[in-house]
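The values are calculated or read from the model by the stated rules, or taken from the named source; none is laboratory data. For clarity, every value in this text was computed on a predicted model and none was experimentally measured. Quick reminder, even Gly has a Cβ in these numbers, built from the backbone with ideal geometry, and neighbours come from all protein chains shown. Protein only, heavy atoms only, side chains kept; ligands, DNA and RNA dropped before computing areas. Shrake-Rupley method; radii C 1.70, N 1.55, O 1.52, S 1.80 Å.
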Amino acid sequence: MRPGAPRLPVETVLARFAESQGTPAASVAVGPDAADALVVTAGTRTFYLDAYSGRLLGEGRQGVRQFMSDVRNWHRW
């Protein structure tokens with residue numbers, strides 16, 4: 001992030017994501033703080049993207065996601 005630089009339009013970041021990952025995003029979350037990464041989900045995976053360049057910053061841990069899904073299912077059923 002460069003001070004005073006504008007964020008890329010979300011559509012641009014999602015297009016870059018789809019091109020680099022070979023799959024479109026299912027959802028995106030945009031934080032209110034200028035330093036917040038965009039949180040993108042595609043299938044069962046979660047990705048963190050730089051809002052200024054569209055660069056992939058990292059990926060969420062699948063173990064935690066699976067655990068939370070299991071807990072939700074235990075409580076629901």
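Scanning region 14-28 turns up one or more residues that are at pLDDT 90 or above, open to solvent by 80 Å² or more (accessible area, probe 1.4 Å) and charged (D, E, K, R). Of the residues making up region 7-23, those that are in contact with a Phe, Trp or Tyr (Cβ under 8 Å, 6 or more places away or on another chain) and in contact (Cβ under 8 Å) with a residue 40 or more places away in the chain number 2.
Looking at region 29-59, which of its residues are in contact with a Phe, Trp or Tyr (Cβ under 9 Å, 6 or more places away or on another chain) and surrounded by 15 or more Cβ atoms within 10 Å (Cβ to Cβ)? Selection gives 37, 38, 39, 40, 41, 42, 47, 49, 54, 56.
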